[in-house]
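Report on the structure given below.
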Amino acid sequence: ELKNNEVKIKNDIYKKYDKLKKKVNDYELLEQKYNETAKELNDLKNNLNIKDNLIDYEIIDAYVISRNVGYWYDTLIINKGKNDSIKEGMAVINSRGLVGIITKTTYTTSTVKLLTGINNKNRISVKIKVNDDYLYGILSDYDNGYFIIEGISDNREIPVNSVVTTTGLDNKFASGIEVGSVSKTISDNSEIARKVYIKSIVNFGDINYVMVLKR
């Protein structure tokens, strides 16, 4: 009888343990869902704030439905297309800055070429705000977390954290869309040719909601 009681007590302890373990797992799952929902709400809130500054454009909201693991930082697909008046060449942004450009559309989806996939074939005209003036250059590459600007003929000093935006001169993007801020400048031996390295605050590895700008 004593042995049976010990077995019963052990079984009761195991049952209580299993219940507690289940509660912990349920709590962790709820916490994860809460964090995901909070992030989505924050993204949407930031998008609404951006809209207030883009009164000259029709804004088409969209969300990411597909990304190819092998081309994660090159392209993504959104859930809006020709049926929503989206066309090739339209700029795509999120609450933090320029994300990319529409390169292909179907009736219900669109392919976005990400800014991180930039190269010499799809360079972008940009300007760097220095005091009350602008220096113009070409965003031509992305390397190890930095976007690179070349072709700046002006030799004025460019302070760190100077804001970089699109110029609109290449007819790819409207003027004034934020690209990032200056992190460092590297010159060659002649001090004439120099590369400006900028950082975007867009997290290109984690994009869920975007806005397509229609002029």
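The values are calculated or read from the model by the stated rules, or taken from the named source; none is laboratory data. The structure displayed is predicted, hence computed values, not measured ones. Here the Cβ positions follow ideal geometry from the backbone for every residue, glycine too, while neighbour counts run over all protein chains shown. Ligands, DNA and RNA are excluded from the accessible area calculation, which covers all protein heavy atoms including side chains. Shrake-Rupley method; radii C 1.70, N 1.55, O 1.52, S 1.80 Å.
Condition (residue is farther than 17 Å from GLY117 by Cα, under 18 Å from the mean Cα position of the chain (by Cα) and at pLDDT below 90) applied to region 71-89: is it met by at least one residue? No, every residue in region 71-89 fails to be farther than 17 Å from GLY117 by Cα, under 18 Å from the mean Cα position of the chain (by Cα) and at pLDDT below 90. Looking at TYR107, TYR197, just one residue is assigned to a loop (DSSP other than H, G, I, E, B) and modelled with pLDDT of 95 or more, and that residue is TYR107. Is there a residue in region 109-121 that is aliphatic (A, V, I, L, M) and closer than 17 Å to LYS184 by Cβ? No, there is no match, as no residue in region 109-121 is aliphatic (A, V, I, L, M) and closer than 17 Å to LYS184 by Cβ. Within region 200-209, restricting attention to residues that are of a type outside the set (D, E, K, R) and assigned to a loop (DSSP other than H, G, I, E, B), the residue that is farthest from ILE128 (Cα to Cα) is ASN208. Taking the criterion of being open to solvent by 60 Å² or more (accessible area, probe 1.4 Å) and under 13 Å from ILE93 (Cβ atoms), the only residue of region 189-208 that qualifies is ILE201. For region 152-188, taking the residues that are under 23 Å from ASN203 (Cβ atoms) and assigned to a loop (DSSP other than H, G, I, E, B), the one that is most open to solvent (accessible area, probe 1.4 Å) is identified as ASN161. Taken together, ILE138, ILE102, ILE128 contain a single residue that is open to solvent by less than 10 Å² (accessible area, probe 1.4 Å), over 30 Å from TYR63 (Cβ atoms), part of a strand (DSSP E or B) and not hydroxyl-bearing (Ser, Thr, Tyr), which is ILE128.
Quick check on region 71-89: of everything there that is among the charged types (D, E, K, R) and part of a helix (DSSP H, G or I), which residue is surrounded by the most Cβ atoms within 10 Å (Cβ to Cβ)? Among them, the one singled out is ASP84. Please go through region 175-207 and pick out each residue that is out of contact with any Ser or Thr (no Cβ under 7 Å at 6 or more places or on another chain) and closer than 13 Å to GLY97 by Cα. Hits for region 175-207 are SER200, ILE201, VAL202, ASN203, ILE207.
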